[in-house]
Amino acid sequence: MTFAANPDPTGADAALPSRCEVLVVGSGPAGAACATLLARAGVQVVLIDQQVFPREKVCGDGLIPDAHHALARLGLLEAVMAQACPVEHVRCVGPSGAHVDVPGRLAVLPRRELDALLQRHAIEAGARCHTPVKFEGLLEAAPGPAGGPGRVVGARLSRAGTFHELHADWVVLATGAPVPPMVGAGLCTRRTPSGIALRGYVRNPALAGQPRRMEVVWHRELRPGYGWIFPVGDATFNIGVGAFFDTRCDGRSVAADVNLRRVFEAFTRVHPAAAALMSGGELLGRLEGAPLRCTLRGAHSGRPGLLATGEAVGSTYDFTGEGIGKALETGLLAAEALLGGRERGAPAEAICADYDAALQRLRPRFDLYERANRVNRHPWLADLVIWRARRSPRLLRRMSGVLDETSNPGHLITARGLLKLLLQ
Ligand SMILES: Cc1cc2nc3c(=O)[nH]c(=O)nc-3n(C[C@H](O)[C@H](O)[C@H](O)COP(=O)(O)OP(=O)(O)OC[C@H]3O[C@@H](n4cnc5c(N)ncnc54)[C@H](O)[C@@H]3O)c2cc1C
């Protein structure tokens, strides 16, 4: 089967096909990465999103090293860096005001621009993109003799109030943190988010000459989370606060009673750089909040005919809330599982198992970030780590290694790690 050329890259007017090999739902980093890899391998991919791009996505816009690696794999790093604000270090600020600068390969690019680049890249690779098209539910084959849901054979979509059935060998759900699509697909096992965060863009020409750094701030008034200020260029900064809830060992999160607007006000009170940015600064647009799904728990990764990827399966890191890199990475893993299965002629169950095993290989890192999340609840720990890091180049290298994913964050925060910090 071949697709007709798609002259309108956003697919706003093009007729939706009735069949494809893989339907990718959601054109954020996870969906776009998955669609790109599949399309590049010659798979007929339809990529849909309920929004027309470029679109806003509430985010801190920070690209940490895992995002750089994944973008390089996609062949998109150069194009992203041509638009991004490059950054050389993260300044970690503790409740006492003490700070340490952790070097790393970092950048900031508003999601409006990043996600448009990713979507365009998927289209250029051969994915057929249609927006605004909403995923409404799955099409399933009749249940087998053993009962239970039948194999997923496509999806019900809607566009401008008109419903459409699209049959596909596989559907990939990359719908991000909102749970309705995952609940409808029967994959969601935890509805509550792992956290919530709020951000705004502030322009302040008086700060145009400031060194370009990502600033992350812990303070008891920001518990259980942190505040950030990330430069996006043109004297404009992404400023926000996040709160991370307690995730119990059964994977359920206990939503804390947090009013993020009040936390934001506290941030602009307790952190001098935030106060300076806001006084004389102009808020561009509104402060907007969104949920986060972290810890790689709270959802099944798929069932025959269906894979879920990105934040839909909790691919955002606890503790920091960074998730663009891991959304890209898990999107690539989903594509690899489908391509590997196609090459071997593997049954659908084996493809699901391969993908799940690939996700589970990421689990140790997610577990460590979950442990490190205690800094958000006990910000004095940040002061302790900063105090030591200012005296120990080795510890600073390890912190940089955490960012670069070459050393692990949990060791900095375990009881043994803390004792070592005090005694070293
Ligand atoms: C305030 C805040 C700050 C953050 N800061 C950072 C940061 O600085 N760095 C970082 O790495 N991460 C950050 N994150 C996390 C990051 O935003 C997520 O990890 C990332 O967006 C997940 O990518 P994704 O592709 O899985 O989902 P998304 O980016 O959410 O994309 C999902 C897409 O699916 C579409 N969709 C949803 N439902 C449907 C439907 N029914 N039909 C059709 N389409 C649908 C949506 O329109 C969307 O385009 C932040 C998150 C928040 C909330």
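The values are calculated or read from the model by the stated rules, or taken from the named source; none is laboratory data. None of these values were measured; they are calculated from a predicted model. Glycine gets a Cβ as well: all are built from the backbone with ideal geometry, and neighbour counts include every protein chain shown. Remember, those area values only see protein heavy atoms, side chains included, never the ligands or the DNA or RNA. Shrake-Rupley method; radii C 1.70, N 1.55, O 1.52, S 1.80 Å.
Remark: pairs (first residue in segment 271-283, more than 22 Å from Glu221 (Cα to Cα); second residue assigned to a loop (DSSP other than H, G, I, E, B) and not small (Gly, Ala, Ser); Cβ separation under 8 Å; 6+ apart in sequence or on different chains) = Gly280/Asn204; Gly281/Asn204; Glu282/Asn204. Only residues that are under 19 Å from Gly341 (Cα atoms), out of contact with any helix residue (DSSP H, G or I) (no Cβ under 8 Å at 6 or more places or on another chain) and of a type outside the set (A, V, I, L, M) were counted across segment 22-69, and they come to 2. Of the residues making up segment 10-51, those that are part of a loop (DSSP other than H, G, I, E, B), open to solvent by 40 Å² or more (accessible area, probe 1.4 Å) and either modelled with pLDDT of 95 or more or more than 16 Å from the ligand (Cβ to nearest atom) (or both) number 7.
Counting the residues of segment 368-424 that are open to solvent by 90 Å² or more (accessible area, probe 1.4 Å), at pLDDT 80 or above and of a type in the set (Lys, Arg) gives 5. Between Glu215, Glu265, Glu221, Glu165, the distinction of being of a type in the set (Asp, Glu) and over 22 Å from Ala382 (Cβ atoms) belongs to Glu165 only.
Each row is one residue, and each column tells you yes or no for (1) within 12 Å of the ligand (Cβ to nearest atom); (2) within 30 Å of Ala235 (Cα to Cα); (3) outside the structural domain of Gln51 (by TED's automatic domain parsing).
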position	(1), (2), (3)
His167	no, no, no
Val179	yes, no, no
Gly200	yes, yes, yes
Ala208	no, yes, yes
Arg220	no, yes, yes
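Whether any residue in segment 309-331 is in contact with a Cys (Cβ under 7 Å, 6 or more places away or on another chain), under 23 Å from Val24 (Cα atoms) and part of a helix (DSSP H, G or I) is what I want to check. Checked segment 309-331: at least one residue is in contact with a Cys (Cβ under 7 Å, 6 or more places away or on another chain), under 23 Å from Val24 (Cα atoms) and part of a helix (DSSP H, G or I).
Among the residues of segment 187-226, what is the count of those that are more than 22 Å from Thr316 (Cβ to Cβ) and not in a helix (DSSP H, G or I)? Write out each step before concluding.
Going through segment 187-226, the residues more than 22 Å from Thr316 (Cβ to Cβ) turn out to be 202-213, 219-221.
Subsequent filtering for residues that are not in a helix (DSSP H, G or I) retains 202-204, 208-213, 219.
Matching residues across segment 187-226 total 10.
Can you tell which of Glu265, Glu288, Glu336 is within 12 Å of the ligand (Cβ to nearest atom), open to solvent by 40 Å² or more (accessible area, probe 1.4 Å), outside any loop (DSSP other than H, G, I, E, B) and of a type in the set (D, E, K, R)? Break it down stepwise before answering.
Values: Glu265 fails: within 12 Å of the ligand (Cβ to nearest atom); Glu336 fails: within 12 Å of the ligand (Cβ to nearest atom).
Every option except Glu288 fails the conditions.
Gly97 meets the conditions (1) open to solvent by less than 30 Å² (accessible area, probe 1.4 Å); (2) away from the ligand (no atom under 12 Å from the Cβ) in every case but one. The failed one is (1).
One line per residue, one yes/no per condition, for (1) outside the structural domain of Arg361 (by TED's automatic domain parsing); (2) aliphatic (A, V, I, L, M); (3) at pLDDT 95 or above:
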site: Ala274; (1), (2), (3): yes, yes, yes
site: Leu307; (1), (2), (3): no, yes, yes
site: Glu311; (1), (2), (3): no, no, yes
site: Gly323; (1), (2), (3): no, no, yes
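The one condition from (1) crowded, with 23+ Cβ neighbours inside 10 Å; (2) in the same structural domain as Gly321 (by TED's automatic domain parsing); (3) more than 10 Å from the ligand (Cβ to nearest atom) that Pro54 does not meet is (1). In the condition set (1) crowded, with 21+ Cβ neighbours inside 10 Å; (2) modelled with pLDDT of 95 or more, Ala358 is compliant with all but (1). The residues in segment 105-146 that are assigned to a loop (DSSP other than H, G, I, E, B) and touching a Cys at 6+ places or on another chain (Cβ under 9 Å) can be counted, and the count is 2. Would you mention how many residues in segment 59-88 are open to solvent by 40 Å² or more (accessible area, probe 1.4 Å) and in contact with a strand residue (DSSP E or B) (Cβ under 7 Å, 6 or more places away or on another chain)? Selection size over segment 59-88: 3. The lone criterion from (1) within 15 Å of the ligand (Cβ to nearest atom); (2) in the same structural domain as Ser96 (by TED's automatic domain parsing); (3) surrounded by 24 or more Cβ atoms within 10 Å (Cβ to Cβ) left unmet by Asn238 is number (3).
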